[in-house]
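The values are calculated or read from the model by the stated rules, or taken from the named source; none is laboratory data. Note that this is a predicted model, so its numbers are computed, not measured. Cβ placement follows ideal geometry from the backbone for every residue including glycine, while neighbour counts extend to all protein chains displayed.
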Amino acid sequence: MITNDTEIRVRYAETDKMGYCYYGNYAAYFEVARVETLRNFGLSYKDMEDSGVMMPVLEQRTKYIRPAKYDDLLTIRTIIKKKPSVRMLFEYEVYNEEGTLLTIGETTLVFVDMETMKPTQMPDDFAAVMGKFFD
């Protein structure tokens with residue numbers, strides 16, 4: 001299992017009329033956390049795309065438990081519980097500074113060959129890193 005924490009502060013422009021973090025921002029927060037998690041383990045999404053493989057989102061689920069508010073410092077815990085192959089499942093837990101769980105979510109991404117636009121196995125460098133945690 002892989003876990004990684006990423007901090008993001010809720011900006012004023014990301015709030016709605018009620019003063020809550022607008023729900024649509026969580027997709028972007030999850031993306032930041034996902035990319036930073038991969039980077040933390042020596043993997044570069046940019047390098048992967050430069051080599052001809054991309055990872056579009058296949059599915060996203062989010063459950064909002066409590067609202068985040070302007071200027072809250074959020075910790076987004078990213079969890080990878082299963083070794084990826086063609087698909088990769090990321091789970092998220094979003095906490096405020098007090099450690100209160102605010103939101104949970106998950107995204108499923110698929111490795112796609114950019115030339116054929118068809119699903120493919122994860123790149124070798126990803127497999128090498130993931131093997132350390134799941135083999």
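Mind checking which residues of the range 83-113 are over 28 Å from Gly131 (Cβ atoms) and either among the small types (Gly, Ala, Ser) or in a loop (DSSP other than H, G, I, E, B) (or both)?
Hits for the range 83-113 are Asn96, Glu97, Glu98, Gly99, Thr100.
If you check Met122 against the conditions, is it more than 30 Å from Ala68 (Cβ to Cβ), part of a helix (DSSP H, G or I) and of a type in the set (A, V, I, L, M)?
No: the conditions fail for Met122.
Are there any pairs, at least 6 apart or on different chains, whose C-beta atoms fall under 8 Å, with the first in the range 86-100 and within 17 Å of Thr6 (Cβ to Cβ) and the second among the β-branched types (Val, Ile, Thr) and at pLDDT below 95, and if so, which?
Nothing qualifies.
Considering each of Glu7, Glu97, Glu49, Glu106 in turn, give the residue that is out of contact with any His (no Cβ under 6 Å at 6 or more places or on another chain), acidic (Asp, Glu) and surrounded by 14 or more Cβ atoms within 10 Å (Cβ to Cβ).
Being out of contact with any His (no Cβ under 6 Å at 6 or more places or on another chain), acidic (Asp, Glu) and surrounded by 14 or more Cβ atoms within 10 Å (Cβ to Cβ) holds for just one of Glu7, Glu97, Glu49, Glu106, which is Glu106.
Please identify the pairs in which a residue from the range 109-131 that is touching a residue at least 40 places away in the same chain (Cβ under 8 Å) and within 12 Å of Met54 (Cβ to Cβ) has its Cβ atom under 9 Å from the Cβ atom of a residue that is exposed (fewer than 15 other Cβ atoms within 10 Å of the Cβ) and among the basic types (Lys, Arg), counting only partners at least 6 apart or on another chain.
Correct list of pairs: Val112/Lys118.
For Met130, work out the one condition from (1) exposed (fewer than 15 other Cβ atoms within 10 Å of the Cβ); (2) out of contact with any helix residue (DSSP H, G or I) (no Cβ under 8 Å at 6 or more places or on another chain); (3) at pLDDT below 95 it doesn't fulfil.
For Met130, the failing item is (1).
Could you list, in sequence order, the residues of the range 98-135 that are at positive phi and not aliphatic (A, V, I, L, M)?
Gly99
Give the range 16-46 a look and list any residue that's under 26 Å from Phe133 (Cβ atoms), over 14 Å from the mean Cα position of the chain (by Cα) and crowded, with 18+ Cβ neighbours inside 10 Å, or say none.
none
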